[in-house]
Amino acid sequence: MSRSVRTRPEASGQALSEAYDTALLDLDGVVYAGGNAIAHAVESLATARAGGMRLAYVTNNALRTPDAVAGHLTELGIPTGADDVITSAQAVARLISEQVPAGARVLVIGGEGLRVALRERGLEPVESADDDPAAVVQGFGGPDLPWGRFAEASYAVARGVPWFASNTDLTIPSGRGIAPGNGAAVQVVRIATGAEPQVAGKPLPPMHRETILRTGAERPLVVGDRLDTDIEGAFNGEVDSLLVLTGVTDGAQLLAAPPQHRPTYVDADLRGMLTGQPEVTVDGGGFRCGGWTASAGAGSLELAGDGEPVDGLRALCAAAWTAAGEGTCELDADKALARLGL
């Protein structure tokens with residue numbers, strides 16, 4: 001079975017917060033939504049921290065500085081220092097610093113988070129393509145970023161200046177719905193120039209490297225809500241992951257996940273960090289978790305039994321991913337998911 005939901009032998013019956021030394025937590029959809037703490041997040045994180053687990057908050061959003069993110073989390077009741085926050089701005093600043101001379105000028109298309117991260121690496125942020133930059137960097141600049149900034153980036157990139165992007169998430173959640181993310185802004189410059197940037201953020205290796213360098217984690221657990229950033233990032237970094245169902249991923253997307261998007265563990269919310277994950281076992285022609293048994297039938301996934309809905313989802317994942325192998329499961333799961341209320 002390829003990358004299926006499982007309990008590793010060394011973690012069996014042991015809380016994830018005890019089996020791993022550091023949690024690398026995504027923020028939006030995991031810790032908070034629309035600026036407010038998600039149910040059970042504050043208490044769960046406090047318990048994990050009290051038990052000795054280090055908590056690090058890893059975000060692709062390059063707009064806010066670590067100080068600002070830490071301040072927001074502290075206001076929510078999650079005491080956090082700036083050193084506990086790792087941003088894609090920091091990851092891309094390190095990437096740039098390894099390729100340009102010390103003290104080089106970098107054209108910034110984005111917000112304060114990028115400027116702070118560049119200065120931390122000894123680089124000088126500038127505002128114009130005519131400032132002779134050694135690199136161009138794009139990061140999320142918020143809804144008030146002027147359109148002319150994209151033109152400035154395009155002028156420099158078209159002249160052959162190396163181009164970097166903090167991340168390429170096409171969308172970003174907001175209090176009013178889903179808004180265009182940095183990936184949409186990157187696409188504007190791509191269309192204008194035909195060039196391709198070097199990208200640092202999740203799910204790519206520079207972001208994972210940045211988190212490990214800054215936290216010193218030896219047994220990290222990635223905790224996220226997105227398959228294509230959080231879980232794929234863990235896959236690329238060859239570390240374990242916990243998907244929580246408080247964000248953008250639903251049951252159907254999880255069952256259809258290709259190997260690089262399959263988490264090690266699945267739980268309803270961050271309380272899953274405090275428990276040992278139940279094992280999914282082979283039961284005849286199906287897979288059993290808790291009171292549920294799932295199997296791949298003729299054209300659909302079948303589910304029998306009763307119990308906690310998330311246990312049923314774990315069993316369905318094992319059945320779906322085994323049937324799909326290295327591909328994507330195309331079996332109909334609507335009826336099975338409806339039984340779970342998912």
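State whether the residues of the range 312-322 include one that is surrounded by fewer than 22 Cβ atoms within 10 Å (Cβ to Cβ) and without any contact (Cβ under 8 Å) to a residue 40 or more places away in the chain.
For the range 312-322, residues surrounded by fewer than 22 Cβ atoms within 10 Å (Cβ to Cβ) and without any contact (Cβ under 8 Å) to a residue 40 or more places away in the chain: absent.
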Select from the range 237-284 the residues that are in a strand (DSSP E or B) and either under 13 Å from the mean Cα position of the chain (by Cα) or hydroxyl-bearing (Ser, Thr, Tyr) (or both) and list them in ascending order.
-> 240, 241, 242, 243, 244, 265, 281
(1) surrounded by fewer than 24 Cβ atoms within 10 Å (Cβ to Cβ); (2) on the phi < 0 side of the Ramachandran plot all hold for residue 140 apart from (1)
Counting residues that are out of contact with any helix residue (DSSP H, G or I) (no Cβ under 9 Å at 6 or more places or on another chain) and more than 14 Å from residue 60 (Cβ to Cβ), which strands (runs of 3 or more DSSP E) fully inside the range 168-234 reach at least 2?
-> 177-180
Of the residues in the range 267-298, how many are crowded, with 22+ Cβ neighbours inside 10 Å, of a type outside the set (A, V, I, L, M, F, W, C), modelled with pLDDT of 95 or more and more than 21 Å from residue 323 (Cβ to Cβ)?
-> 2
Among the residues of the range 57-77 satisfying the criterion of being hydrophobic (A, V, I, L, M, F, W, C) and surrounded by 22 or more Cβ atoms within 10 Å (Cβ to Cβ), which is farthest from residue 222 (Cα to Cα)?
-> 63
Kindly indicate whether any position in the range 153-167 is within 27 Å of residue 37 (Cα to Cα), in the same structural domain as residue 99 (by TED's automatic domain parsing) and modelled with pLDDT of 95 or more.
-> yes
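The values are calculated or read from the model by the stated rules, or taken from the named source; none is laboratory data. This structure is a prediction, so every number in the text was calculated from the model and none was measured. Here Cβ is always computed from backbone atoms with ideal geometry, including for glycine, and neighbour counts include all displayed protein chains.
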